[in-house]
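For reference, the structure is listed below as structure tokens.
The values are calculated or read from the model by the stated rules, or taken from the named source; none is laboratory data. Please read these numbers as outputs of a predicted model, since none were measured by experiment. All Cβ positions, glycine included, derive from the backbone under ideal geometry; neighbour counts span all protein chains shown.
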Amino acid sequence: MQLYPLFADLSNRPALVVGGGDVAARKASMLLRAGARVTVGAPVLGPELRELLQQGRITYRACAYQSEWLDGMWLTIAATRSRRLNARIAADGHARQRLVNVVDDPALSSFQVPAVIDRSPLLVAISSSGTAPVLARRLRERIESLLDPALGPLLQLAQRYRARIRARHADLGARRRFYDWLHDGPVSALLRAAHPMRAEQQLVAALADREPPRGSGSVALVGAGPGDPGLLTLRALRALNEADVILHDELISPQILELARRDALQLAVGKRGGGTHTPQEAIHALLLEHAQAGRRVVRLKGGDPFVFGRGGEELAFLREHGIAYEVIPGITAALACAAHGGVPLTHRDHAHSVRLVTAHCQHSLDTLDWVELARERQTLAVYMGVGKLEELTGKLLAHGRPSDTPFALIENGSLPGQRTLVGTLGDLPKLARHHAVCAPALLILGEVADFAPALHWYGELLGPTPPHSGISNALADAA
Ligand code: SAH
């Protein structure tokens, strides 16, 4: 070990920062957060430090550095621009046996400040012993994204009840089980769901019980986005990391499942046309079985769980059976395909609304309000429509949407094999057949689709640039 790791209690203890610039200001703020009594020494102060001085939060020595400043200081941070001066401060510290950190100079420092993830009272500190600060920073980002922000409040709550928890569960094993329950069970779920009072009530109720509470299962309904793991949310990633069981749709990419906890049970419950088919009731039964066995279940769905994902039905079922749940949204196909196809869905000059429509089956086609859908200056994002392009086009034309309305049909949106087919409504079925567009594909129809030829940036672009293409011509002229 090159360094001895430690967490210093600086509350109400004097600490010194030498330097008046923004680096010194950052260091002073960090010390203030830890409750230190901060003295800053420098001939002049930058704006941030001036503000701290005006707020009365720091003591200021307005002159050139003097060795005596170090006397009585628990630790010192040298943040001046002069290496010579920094070296002198370090030498003074050494002579006085005081800890000195010289910013970005491990060779001169007798202590180093780690990269920190702050979920107070939990602190995670990372050090590469000064050899690889970039790596330390990257690790910090990774861990930062893995630790739920609700962890801080949970630990604060646990801290307040620590003595009572200890008194209630004197036996170490029982106490450990209680803390497991605290971390995995309803208290932490309630904190994540922004119900701090109810979380505390749960804890109090559990402490009143004789037995340590048994682990209770829960379900997180998680949107996985369109397939690219980069488009997962941090919360989705955390849920995947904590899951005991993952029930996922067929469309979920292997790269996303790779991110899940290694020993999680993964079950494909796809409902793709052809192939295996898991009826909705069977999915409900699986959710119930695993949650009632005390497991943390992730129900992972493509895109967003509430957009043509039957998420509502699953929640209603869970509620009926008293299973705790939470919902983590995902990037729905319409948003992902628009972004990766260069279609600003509600460009203010060309559309005042966007509609998410499904053309899944004849039934849904018959019940759609075609008069409404055929109106101009609105964008349609049609899900599950590849098999129904002929009927869809026919209905829209019959209800008056002009045949030169531009479209972008995006296959495998945001995935490496993305293809974007552009054209006008009149040619849609013919072009889609010609290029053999397959599911999953999303149709964006409306004036804004005219941006796709010019703004498209991801994957392959197919199809003719329509000759009338006013928007894309204007953009091309401007370029
Ligand atoms: N809940 C999902 C939609 C499920 S319905 C969501 O919010 O995105 C399935 C339909 O979504 C597919 O038929 C297709 O129209 C669309 N879709 C899903 N992923 C897609 C992708 N990567 N590219 C294009 N369309 C996609």
Open item on the list: Among the residues of region 422-439, are any at positive phi and hydroxyl-bearing (Ser, Thr, Tyr)?
Closed with: no
Open item on the list: Here is a list: Glu320, Glu281, Glu289. Which entry is at pLDDT below 95 and more than 23 Å from the chain's Cα centre (by Cα)?
Closed with: Glu281
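One line per residue, one yes/no per condition, for (1) over 38 Å from the mean Cα position of the chain (by Cα); (2) closer than 20 Å to Arg98 by Cα; (3) crowded, with 16+ Cβ neighbours inside 10 Å; (4) modelled with pLDDT under 95:
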{"site": "Ala15", "(1), (2), (3), (4)": "no, yes, yes, no"}
{"site": "Ala25", "(1), (2), (3), (4)": "no, no, yes, no"}
{"site": "Ala28", "(1), (2), (3), (4)": "no, yes, yes, no"}
{"site": "Val38", "(1), (2), (3), (4)": "no, yes, yes, no"}
{"site": "Gly46", "(1), (2), (3), (4)": "no, no, no, no"}
{"site": "Gly56", "(1), (2), (3), (4)": "no, no, no, no"}
{"site": "Gln66", "(1), (2), (3), (4)": "yes, yes, no, no"}
Task: Number of positions in region 336-352 that are out of contact with any Lys or Arg (no Cβ under 7 Å at 6 or more places or on another chain) and farther than 18 Å from Ala454 by Cα - done: 0
Task: Matching residues, region 127-143, being surrounded by fewer than 16 Cβ atoms within 10 Å (Cβ to Cβ) and within 30 Å of Arg160 (Cα to Cα) - done: Glu141, Arg142, Ile143
Open item on the list: Let me spell it out: the conditions are (1) at pLDDT below 95; (2) within 12 Å of the ligand (Cβ to nearest atom), and Pro329 meets all of them except one. Which number is the exception?
Closed with: (1)
Task: Unmet requirement for Gln280, which otherwise passes all of (1) surrounded by 14 or more Cβ atoms within 10 Å (Cβ to Cβ); (2) over 30 Å from Asp450 (Cβ atoms) - done: (1)
- [ ] Check Arg295, Arg299 and return the single one that is charged (D, E, K, R), within 14 Å of the ligand (Cβ to nearest atom) and closer than 18 Å to Ala260 by Cα.
- [x] Arg299
- [ ] Kindly provide the set of residues from region 88-111 that are under 18 Å from Gly72 (Cα atoms) and part of a loop (DSSP other than H, G, I, E, B), ordered by number.
- [x] Gln97, Arg98, Ser110, Phe111
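Listed here are the residues, each with its yes/no results for (1) closer than 17 Å to Asp249 by Cβ; (2) touching a residue at least 60 places away in the same chain (Cβ under 8 Å); (3) among the acidic types (Asp, Glu).
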| site | (1), (2), (3) |
| --- | --- |
| His284 | yes, no, no |
| Leu287 | yes, yes, no |
| Ala291 | no, yes, no |
| Arg296 | no, yes, no |
| Ala316 | no, no, no |
| Pro329 | yes, yes, no |
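Is it the case, given these coordinates, that Gly270 is within 14 Å of the ligand (Cβ to nearest atom) and either touching a helix residue (DSSP H, G or I) at 6+ places or on another chain (Cβ under 9 Å) or assigned by TED's automatic domain parsing to the domain that holds Asn241 (or both)?
Taking the combined requirement at face value, the residue satisfies it.
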Task: Total residues in region 394-423, condition more than 17 Å from Val343 (Cα to Cα) and within 16 Å of the ligand (Cβ to nearest atom) - done: 2
Task: Residue satisfying condition, being within 12 Å of the ligand (Cβ to nearest atom), of a type in the set (Val, Ile, Thr) and either part of a loop (DSSP other than H, G, I, E, B) or at negative phi (or both), within set Val343, Val371, Val382 - done: Val382
TODO: Give the residues of region 245-259 that are buried (at least 20 other Cβ atoms within 10 Å of the Cβ) and more than 16 Å from the ligand (Cβ to nearest atom), sorted by residue number.
DONE: Val245, Ile246
- [ ] Being over 22 Å from Asn412 (Cβ atoms) and touching a helix residue (DSSP H, G or I) at 6+ places or on another chain (Cβ under 7 Å) is the filter here, so list the residues in region 284-312 that pass it.
- [x] His284, Leu287, Arg296, Val297, Val298, Arg299, Phe306, Arg310
Open item on the list: Here are the criteria: (1) within 16 Å of the ligand (Cβ to nearest atom); (2) modelled with pLDDT of 95 or more; (3) among the polar types (S, T, N, Q). Tell me which single one Ser353 does not satisfy.
Closed with: (1)
Task: Subset of region 302-326 that is closer than 25 Å to Leu182 by Cα and not charged (D, E, K, R) - its residue that is farthest from the ligand (Cβ to nearest atom) - done: Gly322
